[in-house]
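Accompanying notes for the structure given below.
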Amino acid sequence: MENVILKEENGIAEVTINRPKALNALNSATLKELGQVVNEISDKKEIKAVIITGAGPKSFVAGADIAEMSKLNSIEATNFSRLAQNVFSQIENLPKLVIAAVNGFALGGGCELAMACDVRFASKKAKFGQPEVNLGILPSFGGTQRLPRLVGKGIAKELIFSTDMITADEAYRIGLANKVYDPDELIEKSKEFANKVMSKSPWGVRLAKASINNGLDVDLEAGLKYEANSFGLCFSTEDQKEGMSAFLEKRKANFKDC
Ligand code: CO8
């Protein structure tokens, strides 16, 4: 693959969007490669967590590729949007932890990619923004849907209408970034968090992720039912038995993901 690099180490997959000359802008070839990589990760049980980042010192992803987009007709634009939406939904629903390690510009489709991840860890150099209305379009890789779910309707409208680029600290203040780190410790801190989550019960984390994701798209009553059913499901796993036995026996749990 040319535009996406996949590296695996100790149960963690590091996915790097690799078009540094175009600040890692997402063209359709890159989106398709990303989709393939996500499928591969989904199939591999040994991969427990994923870190998505951008190549080079400057950018996570500076958005959809404007040069490619500028030539699209209406049908092609809809298809381009659906391609990215499908890949990002796949990422959002992977039954594994997904961390966006935002190492620089996360603009437009880049911010939208980061929002499809479970958490966003930002380098102090990161900049977030949704500049689409500068280009005569709207955020269409999920931004009008995921940004208000993360930061609330008012702030989402302020960011999308103004196109203001915000710093990592501001992104942290509004709840868009979970943490802010020095650039050279971003990946290490992301791995540290991945290892922490990987030491917990895999079924607990997996079902909590699905419950949060599914619950936010339905009314509270339906979300609560989903949660109760997931809770019930835990009791068919060895991990629930191990987790509770370990607590009662005052020892560290040894989860086997079964
Ligand atoms: N697409 C294509 N090329 C890009 C992009 C992009 N999004 N961003 C940067 N590049 C290229 C530049 O053209 C430039 O290439 P070259 O060297 O060949 O001229 C190279 O990357 C370096 O960029 P700059 O020289 O501009 O670097 P600066 O440090 O001066 O500026 C910025 C960095 C501020 C990030 C600037 O590059 C910029 O504003 N980029 C565009 C950001 C943007 O508007 N992103 C949103 C795109 S729209 C989008 O994501 C919509 C998603 C939904 C679409 C639905 C479609 C149907």
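The values are calculated or read from the model by the stated rules, or taken from the named source; none is laboratory data. Being a predicted model, the structure only gives us computed values, none of them experimental. Cβ atoms come from the backbone with ideal geometry, glycine included; neighbour counts cover every protein chain shown. Surface areas here come from the heavy atoms of the whole protein model, side chains and all, with no ligands, DNA or RNA. Shrake-Rupley method; radii C 1.70, N 1.55, O 1.52, S 1.80 Å.
Considering each of ALA156, ALA116, ALA122, ALA77 in turn, give the residue that is over 26 Å from ASP217 (Cα atoms) and among the hydrophobic types (A, V, I, L, M, F, W, C).
Sole residue among the options that is over 26 Å from ASP217 (Cα atoms) and among the hydrophobic types (A, V, I, L, M, F, W, C): ALA122.
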Handout entry: Among (1) closer than 18 Å to VAL98 by Cα; (2) outside any helix (DSSP H, G or I) - the single one LYS209 does not satisfy
Key = (2)
Fill in the blank from the handout: Taking segment 230-246 and keeping residues in a helix (DSSP H, G or I) and either open to solvent by less than 30 Å² (accessible area, probe 1.4 Å) or closer than 13 Å to TRP203 by Cα (or both) leaves SER230, PHE231, GLY232, LEU233, CYS234, GLU238, ASP239, GLN240, LYS241, GLU242, GLY243, ALA246
Problem - Residue check, THR30 within 10 Å of the ligand (Cβ to nearest atom), in the same structural domain as ALA156 (by TED's automatic domain parsing) and part of a helix (DSSP H, G or I) - result: no
Exercise for the section: Could you please let me know if GLU227 is open to solvent by 80 Å² or more (accessible area, probe 1.4 Å) and either in contact with a His (Cβ under 7 Å, 6 or more places away or on another chain) or not aliphatic (A, V, I, L, M) (or both)? Expected result: yes
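Condition check ((1) of a type in the set (Lys, Arg); (2) surrounded by 17 or more Cβ atoms within 10 Å (Cβ to Cβ)) across all residues:
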| site | (1), (2) |
| --- | --- |
| LYS32 | yes, no |
| GLY35 | no, yes |
| GLU46 | no, no |
| ALA64 | no, yes |
| SER70 | no, no |
| VAL87 | no, yes |
